[in-house]
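To start, the structure under review is shown below, and the notes come after it.
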Amino acid sequence: MSSITIAPLPSTAGLPIQKETTAGNYFVSNYPPFAFWKAEDVPVFEKSLEQAPTENVPLGLYVHIPFCRKRCHFCYFRVYTDKNADDIRGYIEAVLSELRDYVSRPALVDRKPKFIYFGGGTPSYLSPDQIRLLTDGMKALLPWDDATEITFEGEPGTLTDHKLRAIRETGVTRLSLGIEHFDDHILEINGRAHRSKEVLRAYAFAREIGFPQINIDLIAGMVEETEEKWRETVAKAVELQPDSVTIYQMEVPYNTGIYRQMKAEGHLIAPVADWETKRRWVNQAFGEFEKRGYTVTSTTTVVKNPELVHFEYRKGLFSGADILSVGVASFGHLNGVHYQNQHDFQPYVEAVQSGRLPLHRAYVVPPDEKLLREFILQLKLGSVFIAPFVEKFGRDPRVEFAIPLESLKRLGFLIETEDKITLNRDGLLQVDRLLQEFFKPEHRTGRYA
Ligand code: SF4
């Protein structure tokens, strides 16, 4: 491992720099962090559903499928590995009832989703019949004919030829395969359910069936990762020629099996590579794909043809689209309010069965935070264009965020040109820690990888 250390940021919050991987979340997926969403804001969210939507705000739909064959040791999602066919059927019926409740509200009436995302968990854990039951029910409530991108996440070991055909027949345009690694020992030691043979078979089937886009997910820095194994994994990923690749840097949140083991053994440092090494591995992977003509389009993604691959869900999430989100623990955003559902299976199903929306917490975005939220999230794409912000908010982000921007420029992570603010590769690969510089002081979490 390299001994170079990252220069500390002159942070206004005085947050510590961490080189080693310790427990906690580093990945910024929304703003403000979920810890600041509150049950007290739920009535405001419910009231907002009685108002008409804001003109020209697109609608997306997210469906959470919380089932998996096995719990990966690094997993921090709400997943269930013990549900039988009756439980799953009950869950699908609950999701459809929840959707039915929403579509009659003024905020949703007569709207159609522009993009749809099936996430989890493992959506491909569902059988072909269950997939049809769910998607036919959804289409009857909220037609899909305006949707330009429909994503379905799949775990390779669950994807038979028959199931892949059923998924494609529903209209899915983008299959996202959770491969994570190609080395069987690494997959096993990290608790993944699939092996590399299943990856290759599922990928070949999916290509044969003709999904318009196939994304593959990889993780840099899993337990027992080595230079050699990472290089081999990248080489195999390149060989598949996917339409896009998403590469995460391994993190070890508190609710993971890895953290529980660390705690039991009294370790503060996680048994995975340090942050510098993970960034170097992601950069190496980006470089290999760039040599083949791919384009880096965010801190985690490379894309074969940016003209064809748009990531509509991410674009919507990052630019204030309405996202109607259904299913246990899912989070969405409607009429300026963020919300998250009940995060346990039984309370979720019972709430829906008793005719209530299964809401857990919400966050009313104050007017001054809208620009901040979109700026923070869009910086994860590597560049923020100034004109759309000025047009949408009447404010210039270069003026709003002059102090943190100056800090990042001084440290050589960022450049400003007439029309945009751009992170260089070094900045892009550690954007999640740099973003804390833009957070309101009360929203800083102290996690600073
Ligand atoms: S497949 Fe994904 S959601 Fe399921 S346990 Fe593994 S990491 Fe978690």
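The numbers here are math on the coordinates, done by the rules we state, and not lab data. Only a predicted model underlies this, so the values are computations on that prediction, with no experimental measurement involved. Heads up, the Cβs are rebuilt from the backbone with ideal geometry, glycines too, and the neighbour counts pull from every protein chain shown.
Table for the structure above
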read-out	value
Pair GLU307, LYS409: separation of 7 Å Cα→Cβ label points (nm)	3.5
Rounded to 5, percent antiparallel among DSSP beta bridges of the chain	40
³J(HN,Hα), Karplus 6.51/-1.76/1.60, whole Hz, each residue of segment 408-416, x for Gly, Pro	5, 5, 4, 7, x, 8, 8, 10, 10
Length released on extending from ARG132 to GLU169, taking residue separation times 0.36 nm less the Cα-Cα span	12.4 nm
In Hz, Karplus ³J(HN,Hα) per residue of segment 390-407 (6.51, -1.76, 1.60; θ = phi - 60°; x = Gly, Pro)	5, 5, 7, 10, x, 9, 9, x, 5, 7, 4, 10, 4, 5, x, 5, 4, 4
Partner lysines for LYS19 [C-alpha distance under 17 Å; skip if fewer than 8 residues away on the same chain]	LYS278
Only Lys, Arg (+1) and Asp, Glu (-1) charged, at Cβ; segment 241-384 dipole about Cα centre in debye	140
Percentage, to the nearest whole number, of Cα pairs in segment 116-180 over 14 Å apart	54
Contour minus Cα-Cα distance for ALA204 and ASP82 (0.36 nm per residue)	41.0 nm
Label-point separation in nm, ILE386 to HIS267, each point 7 Å along Cα→Cβ	4.8
Distance between modelled label sites at ASN255 and THR295, nm, 7 Å Cα→Cβ extension	3.7
Listed residue (CYS72, LEU134, THR246) projecting farthest to the positive dipole end of the chain, Cβ model	CYS72
Charge dipole (debye, nearest 20) of segment 118-175; +1 at Cβ of Lys and Arg, -1 at Cβ of Asp and Glu	100
Count, lysine Cα pairs under 16 Å in segment 368-449, 8 or more residues apart or across chains	5
Given the chain, longest segment not containing exposed loop GluC sites (Glu not before Pro) (DSSP; at most 12 other Cβ within 10 Å)	56-306
No Cys partner within the rule (Cβ under 4.7 Å), the chain	CYS68
Calculated diffusion of segment 31-144, Stokes-Einstein form, Kirkwood radius summed over Cα pairs, 20 °C and 1.002 mPa s, µm²/s	133
Reach of LYS163 by Cα under 18 Å, taken over aspartates and glutamates that are not fewer than 8 positions away in the same chain	ASP129, ASP136, GLU153, GLU155, GLU198, GLU208
Mean Cα-pair separation over length for segment 34-316, i.e. relative contact order, pairs under 8 Å, 6 or more apart, %	17
Per-selection Kirkwood Rh - the chain (Cα, Å, 1 d.p.)	22.8
Principal axis dimensions, segment 368-449 - Cα atoms, whole angstrom, descending	34, 27, 20
Loop sites in segment 268-315: trypsin sites (Lys or Arg not before Pro), DSSP, at most 15 other Cβ within 10 Å	ARG292
Square roots of five times the Cα gyration tensor eigenvalues for segment 310-394, Å	31, 13, 9
Net dipole in debye of the chain [+1 Lys, Arg Cβ; -1 Asp, Glu Cβ; about Cα centre; nearest 20]	200
Gyration tensor over alpha-carbon atoms, segment 213-300, equivalent ellipsoid semi-axes in Å	28, 13, 11
Extension gain, LYS197 back to ARG100 (0.36 nm per residue minus Cα-Cα distance, nm)	30.9 nm
